[in-house]
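Remarks on the structure that follows.
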Amino acid sequence: MAETRLMTLRAKMTEADAAYYQQDAPVLSDGDYDALRAEVVAIEAAFPDLITDESPTQTVGAAPAGGFEKVTHARPMLSLANAFTDDDVVEFFGRVRRFLSLSEQAAIEMTCEPKIDGLSAAITYKQGKFTLGATRGDGSVGENITANLAVIGDVPKQLTGDDVPDVLEVRGEVYMAKDDFAAMNAALEADGKKVFANPRNAAAGSLRQLDPSITATRPLRFFAYALGQVSGDVGSSHWELLDRLKRWGFVTNPLNRLCTSAEDVLTFYHDIETRRAALGYDIDGVVYKVNRFDYQNRMGQVSRSPRWATSHKFPAERAVTTLNEITLQVGRTGALTPVANLEPVTVGGVVVSRATLHNEDELDRKDIRAGDTVVIQRAGDVIPQVVEVLLDRRPDDSAKFVFPDACPVCGAPTSRPEGEVVRRCSGDLVCSAQVVERLKHFISRDALDIDGFGAKNVEQFYSFGWVKTPADIFTLGEREAEIAQLEGWGPASAAKLRNAIEARRTIPLDRLMFGLGIRQIGIDTARVLARTYETAETLFAQFDLLVAFDEAANAEMLAIDGIGPSVVSEARRFFTNPDNRAAVDALLEHVTIEAVQAPTIDADSVLAGKTVVFTGTLTQMSRAEAKARAEALGAKVSGSVSKKTDLVVIGLDAGSKAKKAAELNLETMDEDQWVAFLNG
Ligand code: IVH
């Protein structure tokens, strides 16, 4: 049965391949082809004996040398804000109420779902057929793992029901059940293979296999819990959606519940908390989502998380151990971070041997010493922390840790500016620790993200003197033969690295900007700068003007929404150092910079790029909602009226701003007009 089906599908695939590759005349759409391939891969994975060298899965469409192909998400995959206490949850309900201008009495329906500790994935269906699967990646761009998702039983290949939208992207969590994890690890161990630390790592490692037939042997599962892009009607609430997902063939979590008040959701949370250990899979909290889609749409998002949802985390897991020694780590910006080297201890299923002690001030205040018995905690992927010293177990001869005046790595003087909590090494590019950390940052996930090139490689190549600045990375290809000789490398992996580096010769401006590792410029800020200045030339010319203390340039940058004085001063500091400027110039010799697109929803909006000011009291929506709605339409919302203002929305009892708008003859709307405008 499987064999006959496989033969038919393979024949179809071979025919389609020939049409596509040899005749340059495709007979199938990309979507149909991907669905076909996914089914072949799934059958072959289930019946490995049926795989032959002639199978089209073995000959074409193999994963590229650099790893997986990239997939740009049609709608970004967001993350969630966190609540830790019951009060935080009550406050979340309060925020929702205030944002939507709902009364204290109004019930707010909230869907509650266990927060599965796995990895999120986005699965696209066209006409009900599975066509594309992707990882979350950085939220904007993920990896194409279609073949791997195709082998997961919980992921339907063909949806059922007559109300499936033509284009439907379903999002959810790939995870491994605790029992399956234990059995799989036992089998790996028996084979003398490396075991995984926990089910989450096991799920991640299994899903990101370049060879989907390995993924197929791993017991992965999938819970669906959200939509990405979708054509046509999506219904009116999340609860309804969960029901539809089930009808279409997905697995949704049976514990999901619809609640109507903060008390209600807290009861649910504490109930789940007591049942946590007995559940078949790991969860790390509960997710609350405002149920009504119209409310969700009105609330929108901040930065990378929706305002209408939050995750309520379970308390961190703790353990007691001995602190053997305090050492110092020198970071990318020279910050000296004290680190606790611990007697290894298992916390929440993971062996922990180091914990951060944050900074000089914190260490001083907590007076944590070598030899102490300490309580440590770890929550999710967060670095473990020391939360308490058991003073009655402190040895008599212990001594307070003294921060050195010289950098432990390069010997340059350290200093701690007034009012700052961090002590820093002044060695900059002379300090090898700083140089190495900067390089690691440059290749990190939100920056250059070179496949198969990680922090350990940077350390090694730096120690050989092969890579000292970001530009040097692009000359590594010349050392392919030498790299192939290194332990753990070979001709194939060295060639793969060269290809992966080549693939990054074109990089988006935001990644480049973030990769430079300037303090205060995280990926979000880098994106704002990239979208504002569009090209590397314009952006760096702007920085040069800052260095020259050009007043206009300074004011122009500060006027950008999301850019504050600390960003400007850190950018100035960075580019004032001629070594830094030279390193950037050298880098630009090797790479081509791509402009970064603004989010697509903005493009056709009449408010795109416009500056809007709200003044007076709004009665039909909160100020926060008005601002968010304007921003969602691509507008910048400003607090003051000037001749650059495009629109002033005037509420009740408006004062000087309304007057100024009239004087400047600006376009204005009253609140009714504004609401009518929003409603289309
Ligand atoms: S909803 C905009 N629901 O948590 C909504 N996420 O911190 C985005 N997760 O990346 C996600 N269980 O990997 C949602 N029931 C659930 C979830 C869940 C686990 C993960 C997911 C996401 C992360 C956000």
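The values are calculated or read from the model by the stated rules, or taken from the named source; none is laboratory data. Please read these numbers as outputs of a predicted model, since none were measured by experiment. Don't worry about glycine lacking a Cβ; one is built from the backbone with ideal geometry, like all the others, and counts go over all protein chains shown.
Condition check ((1) more than 24 Å from the chain's Cα centre (by Cα); (2) farther than 23 Å from K70 by Cβ) across all residues:
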| position | (1), (2) |
| --- | --- |
| A183 | yes, yes |
| A197 | no, yes |
| A202 | no, yes |
| R221 | no, yes |
| V230 | no, no |
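Would you call Q296 closer than 20 Å to A262 by Cβ and either polar (S, T, N, Q) or without any contact (Cβ under 8 Å) to a residue 24 or more places away in the chain (or both)? So Q296 fits the description; yes.
Restricting the range 72-88 to residues that are touching a residue at least 12 places away in the same chain (Cβ under 8 Å) and more than 16 Å from the ligand (Cβ to nearest atom), the residue that is farthest from T146 (Cα to Cα) is D86.
Listed by position, the helices (runs of 4 or more DSSP H) enclosed by the range 197-292 that each have at least 2 residues that are modelled with pLDDT of 95 or more and out of contact with any His (no Cβ under 6 Å at 6 or more places or on another chain) are 238-248, 262-275. Pick from F250, F223: which is within 12 Å of the ligand (Cβ to nearest atom) and either more than 24 Å from K313 (Cα to Cα) or surrounded by 19 or more Cβ atoms within 10 Å (Cβ to Cβ) (or both)? F223 is the lone residue from the list that is within 12 Å of the ligand (Cβ to nearest atom) and either more than 24 Å from K313 (Cα to Cα) or surrounded by 19 or more Cβ atoms within 10 Å (Cβ to Cβ) (or both). Among the residues of the range 325-342, is there at least one that is within 16 Å of the ligand (Cβ to nearest atom), among the small types (G, A, S) and over 22 Å from R97 (Cβ atoms)? No, the range 325-342 contains no residue that is within 16 Å of the ligand (Cβ to nearest atom), among the small types (G, A, S) and over 22 Å from R97 (Cβ atoms). Between R511, R519, R527, R498, which is assigned to a loop (DSSP other than H, G, I, E, B) and within 27 Å of the chain's Cα centre (by Cα)? The conditions single out R519. Taking residues in the range 152-171 that are within 20 Å of D211 (Cα to Cα), and partners anywhere that are in a loop (DSSP other than H, G, I, E, B) and within 16 Å of the ligand (Cβ to nearest atom), the pairs with Cβ atoms closer than 7 Å and at least 6 places apart or on different chains are D154/V251. Being at negative phi, assigned to a strand (DSSP E or B), within 16 Å of the ligand (Cβ to nearest atom) and not basic (K, R) is a property that does not hold for L168. Within the range 505-522, being charged (D, E, K, R) and either over 28 Å from G562 (Cα atoms) or touching a strand residue (DSSP E or B) at 6+ places or on another chain (Cβ under 7 Å) (or both) holds for one residue alone: R505.
Looking across the range 197-216 at every residue that is within 24 Å of V41 (Cα to Cα) and loosely packed, with under 15 Cβ neighbours inside 10 Å, the one that is farthest from the ligand (Cβ to nearest atom) is identified as D211.
Taking first residues from the range 548-563 that are in contact (Cβ under 8 Å) with a residue 60 or more places away in the chain and partners that are surrounded by 12 or more Cβ atoms within 10 Å (Cβ to Cβ) and in a helix (DSSP H, G or I), the Cβ contacts under 8 Å between residues at least 6 apart in sequence or on separate chains come to D561/V528. Pairs are defined by a Cβ separation below 7 Å, a sequence spacing of at least 6 or placement on different chains, a first member in the range 643-665 that is farther than 11 Å from F614 by Cβ, and a second member that is among the basic types (K, R); the pairs so defined are D646/K610; L664/K643. Residues that are assigned to a loop (DSSP other than H, G, I, E, B) and either exposed (fewer than 12 other Cβ atoms within 10 Å of the Cβ) or within 16 Å of the ligand (Cβ to nearest atom) (or both) within the range 172-196 comprise A177, D191, G192, K193, K194, listed in sequence order. Filter the range 280-296 down to the residues that are surrounded by 12 or more Cβ atoms within 10 Å (Cβ to Cβ) and away from the ligand (no atom under 13 Å from the Cβ), then identify the one that is farthest from P254 (Cα to Cα). That would be Y295. Contact map, the range 246-269: first residue at positive phi, second residue in a loop (DSSP other than H, G, I, E, B) and surrounded by fewer than 18 Cβ atoms within 10 Å (Cβ to Cβ), Cβ cut-off under 7 Å, separation 6 or more or different chains; pairs are G249/T160.
May I ask you to say which residue of L664, L678 is closer than 22 Å to L102 by Cα, surrounded by fewer than 18 Cβ atoms within 10 Å (Cβ to Cβ) and not charged (D, E, K, R)? Checking each option against the conditions leaves just L678. Residues that are touching a Gly at 6+ places or on another chain (Cβ under 7 Å) and under 14 Å from G128 (Cα atoms) were ranked within the range 226-247; the one that is nearest to the ligand (Cβ to nearest atom) is R244. Here A147 meets each of (1) surrounded by 23 or more Cβ atoms within 10 Å (Cβ to Cβ); (2) not in a helix (DSSP H, G or I) with one exception, condition (2).
For the range 141-155, check the following and say yes or no: at least one residue is closer than 29 Å to I523 by Cβ and within 14 Å of the ligand (Cβ to nearest atom). The answer is yes; a qualifying residue exists. Only one of the numbered conditions (1) within 16 Å of the ligand (Cβ to nearest atom); (2) more than 25 Å from the chain's Cα centre (by Cα) is not met by H312, and that is (2). L357 fulfils the conditions (1) touching a residue at least 60 places away in the same chain (Cβ under 8 Å); (2) among the hydrophobic types (A, V, I, L, M, F, W, C); (3) touching a helix residue (DSSP H, G or I) at 6+ places or on another chain (Cβ under 7 Å) except for a single criterion, (1). Against the conditions (1) in contact with a Leu (Cβ under 7 Å, 6 or more places away or on another chain); (2) closer than 30 Å to A526 by Cα, where does V421 fall short? Just the number, please. Status for V421: all satisfied but (1).
Considering each residue of the range 158-171, count those that are over 15 Å from Q229 (Cβ atoms) and buried (at least 16 other Cβ atoms within 10 Å of the Cβ), and give that number. So the count comes out to 1.
Among residues that are modelled with pLDDT under 95, touching a helix residue (DSSP H, G or I) at 6+ places or on another chain (Cβ under 8 Å) and assigned to a loop (DSSP other than H, G, I, E, B), D138 is included. Please find, within the range 301-360, the residue that is surrounded by the most Cβ atoms within 10 Å (Cβ to Cβ) out of those that are more than 30 Å from Y225 (Cβ to Cβ) and charged (D, E, K, R). Per the stated criteria, the residue is E360.
Number of residues in the range 105-135 that are farther than 30 Å from V90 by Cβ and either hydrophobic (A, V, I, L, M, F, W, C) or within 11 Å of the ligand (Cβ to nearest atom) (or both): the value is 8.
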